[in-house]
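In what follows, a single structure is set out as structure tokens and then discussed.
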Amino acid sequence: MSTSSQQGEPPYRQIAGELRARILAGDLRPGDRVPSVRQIAQRWGVAAATATRVTAVLRDEGLVEARVGSGTVVSAQTGRGARPAGRAPSDQGLSRDQGLSRDQLLRAAIEIADAEGLEAVSMRRLAAQLGVGPMSLYRHVANKDELLVAMADRAFGEIDLPRTGPEGWRARLELTARRQWQLCRTHLWLSRTVSFTRPLLVPNMMAQTEWTLRALDGLGLDPTVRMREALALHGLVVTAALSLADEVEAEQDSGVTLDRWYVERAARAGELLRSGRFPLLASVPEGAPRDLDAQFEYGLARHLDGFAVLVGDR
């Protein structure tokens with residue numbers, strides 16, 4: 001970053017230049033992982049937004065690509081069609097602009113978010129993915145905020161709940177909670193779009209809440225209590241989903257699985273647990289804290305046990 005050609009360039013272009021040079025020199029080969037957004041931010045001391053732009057530049061040049069389960073890697077096309085540095089995708093000759101549908105737009109945006117997270121979703125990146133001019137996207141969404149809302153609405157539309165559901169309020173609440181949990185496992189980014197104070201006013205998400213409220217019919221609960229139960233149940237799902245999303249992101253950024261993380265800290269953990277200061281912690285079976293599915297099921301069961309007391313009192 002000290003050459004005269006780099007002086008005066010914004011930080012994200014300087015960092016992109018360093019990584020570009022390593023890729024073109026063969027230090028990073030096709031399929032090799034490149035630093036993640038978090039790693040770039042930490043290594044070069046820049047903001048996450050700046051680090052995101054670094055990855056976007058390399059992606060626009062065709063040097064890197066997203067790979068599910070691996071994060072961002074050097075593109076297999078490197079050296080066979082990568083665009084020269086500084087050139088962005090052209091808006092000319094993009095015959096698909098007029099034929100782009102809103103559904104195609106949302107599917108592509110969700111694919112990016114599923115593979116790389118919400119930070120990777122931008123109007124410019126989406127246009128490049130679809131092979132259209134960026135301005136064509138604005139015929140379907142006004143801005144990125146509207147895009148994220150539409151993505152969340154489309155994702156919640158994947159949940160197919162029966163009209164009435166199983167017998168009994170508890171079985172119905174278990175059904176909707178588990179299906180939301182599976183949805184959040186499929187789309188790890190989804191939990192980050194949810195707000196309980198400023199809810200997304202979108203049909204598919206509202207339909208989920210409506211179904212939950214209907215599951216509580218006949219219990220003698222007033223509308224406020226029913227709504228609070230719907231939010232509490234959804235909050236339980238979102239909390240577990242955020243933990244899962246954080247873990248997957250940490251594994252992709254560091255390359256260290258959760259099991260390996262525990263192995264690397266086994267000696268220190270054993271030293272603390274054998275000290276006698278934490279006898280109850282020492283009695284916990286190994287691996288129990290890592291099973292997020294089991295933790296979700298435990299939280300769901302205990303929550304519904306408590307709600308059953310409220311229903312019984314009524």
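The values are calculated or read from the model by the stated rules, or taken from the named source; none is laboratory data. None of these values were measured; they are calculated from a predicted model. Don't worry about glycine lacking a Cβ; one is built from the backbone with ideal geometry, like all the others, and counts go over all protein chains shown. In case anyone asks, the SASA skips ligands and DNA or RNA and just uses the protein heavy atoms, side chains included. Shrake-Rupley method; radii C 1.70, N 1.55, O 1.52, S 1.80 Å.
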(request) State whether one or more residues within the range 237-244 are open to solvent by 30 Å² or more (accessible area, probe 1.4 Å), assigned to a helix (DSSP H, G or I) and within 18 Å of Glu174 (Cα to Cα). (result) yes
(request) Report, by residue number, each residue of the range 99-144 that is in a helix (DSSP H, G or I), farther than 21 Å from Thr55 by Cα, modelled with pLDDT of 85 or more and open to solvent by 20 Å² or more (accessible area, probe 1.4 Å). (result) Arg102, Asp103, Gln104, Arg107
(message) From the list Ala232, Ala215, exactly one residue is open to solvent by less than 40 Å² (accessible area, probe 1.4 Å), more than 17 Å from the chain's Cα centre (by Cα) and within 18 Å of Ala301 (Cβ to Cβ). Which is it?
(response) Ala215
(request) Please state which one of Gly299, Gly270 is closer than 27 Å to Leu183 by Cβ and open to solvent by less than 50 Å² (accessible area, probe 1.4 Å). (result) Gly299
(request) Would you check which residues across the range 274-314 are in a loop (DSSP other than H, G, I, E, B) and either modelled with pLDDT of 85 or more or closer than 29 Å to Asp246 by Cα (or both) and list them? (result) Arg274, Ser275, Gly276, Arg277, Phe278, Ser283, Val284, Pro285, Glu286, Gly287, Asp291
(request) Kindly indicate whether Leu201 is open to solvent by less than 90 Å² (accessible area, probe 1.4 Å) and either assigned to a helix (DSSP H, G or I) or out of contact with any His (no Cβ under 6 Å at 6 or more places or on another chain) (or both). (result) no
(request) Look at the range 19-43 and say how many of its residues are more than 20 Å from Ser122 (Cβ to Cβ) and in contact with a helix residue (DSSP H, G or I) (Cβ under 7 Å, 6 or more places away or on another chain). (result) 1
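Condition check ((1) at pLDDT 85 or above; (2) part of a helix (DSSP H, G or I); (3) of a type in the set (Val, Ile, Thr)) across all residues:
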site	(1), (2), (3)
Arg13	yes, yes, no
Ala21	yes, yes, no
Leu28	yes, no, no
Ile40	yes, yes, yes
Arg43	yes, yes, no
Ala49	no, yes, no
Val54	yes, yes, yes
(request) Filter the range 273-296 down to the residues that are touching a Phe, Trp or Tyr at 6+ places or on another chain (Cβ under 9 Å) and acidic (Asp, Glu), then identify the one that is most open to solvent (accessible area, probe 1.4 Å). (result) Glu286
(request) Working only within the range 74-98, note down all residues that are modelled with pLDDT of 70 or more and either crowded, with 18+ Cβ neighbours inside 10 Å or within 14 Å of Val132 (Cβ to Cβ) (or both). (result) Val74, Ser75
